[in-house]
Amino acid sequence: MVGNKILSAVKLTLEKTATSLITIDGVRAEMEHGWGLVRASNTEPFLSIRLEADTQDHLEEIKKSFIAALSSHYNKDTLEEHFSTRC
């Protein structure tokens, strides 16, 4: 499954910057000032991504971490555009 391959790559990248990772249903990266989650849909070929932080600046840091983690499978410019219009 492609989603598992992507989540494995995300986990490898985020374990370098996260304070902890929870991998029960996707990859949730706990960070000093917030968290981010990426998980594969069980019914459709989509990834869901949720990010939360205590300030806008910290949210931008978490977004950058997730963009870096996903850029091995997706175009970085497309990811940046997606994240800028949705967060």
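The values are calculated or read from the model by the stated rules, or taken from the named source; none is laboratory data. Values in this document were obtained by computation on a predicted structure and should not be read as measured data. Positions of Cβ are generated from backbone atoms using ideal geometry, with glycine treated the same way; all protein chains shown enter the neighbour counts. Remember, those area values only see protein heavy atoms, side chains included, never the ligands or the DNA or RNA. Shrake-Rupley method; radii C 1.70, N 1.55, O 1.52, S 1.80 Å.
Listed by first and then second residue, the pairs with beta-carbon distance under 6 Å, at least 6 apart or on different chains, first residue in segment 11-24 and under 12 Å from VAL38 (Cβ atoms) and part of a helix (DSSP H, G or I), second open to solvent by less than 50 Å² (accessible area, probe 1.4 Å) and not polar (S, T, N, Q), are LYS11/VAL27; THR13/ALA69; LEU14/ALA29; LEU14/ALA69.
Kindly check whether there is at least one residue in segment 28-41 that is among the β-branched types (Val, Ile, Thr) and not in a strand (DSSP E or B).
no
Only residues that are loosely packed, with under 12 Cβ neighbours inside 10 Å and part of a loop (DSSP other than H, G, I, E, B): list them for segment 42-87, please. ASN42, THR43, GLU44, PRO45, PHE46, ASP54, THR55, ASN75 - these are the residues of segment 42-87 that are loosely packed, with under 12 Cβ neighbours inside 10 Å and part of a loop (DSSP other than H, G, I, E, B). Residue pairs, Cβ under 6 Å, 6 or more apart or interchain, first in segment 39-67 and at pLDDT 90 or above, second among the hydrophobic types (A, V, I, L, M, F, W, C) and part of a helix (DSSP H, G or I). List them. Once the first residue is at pLDDT 90 or above and sits in segment 39-67, its partners that are among the hydrophobic types (A, V, I, L, M, F, W, C) and part of a helix (DSSP H, G or I) give LEU51/ILE62; ALA53/LEU59; ALA53/ILE62; LYS63/PHE83; ILE67/LEU79.
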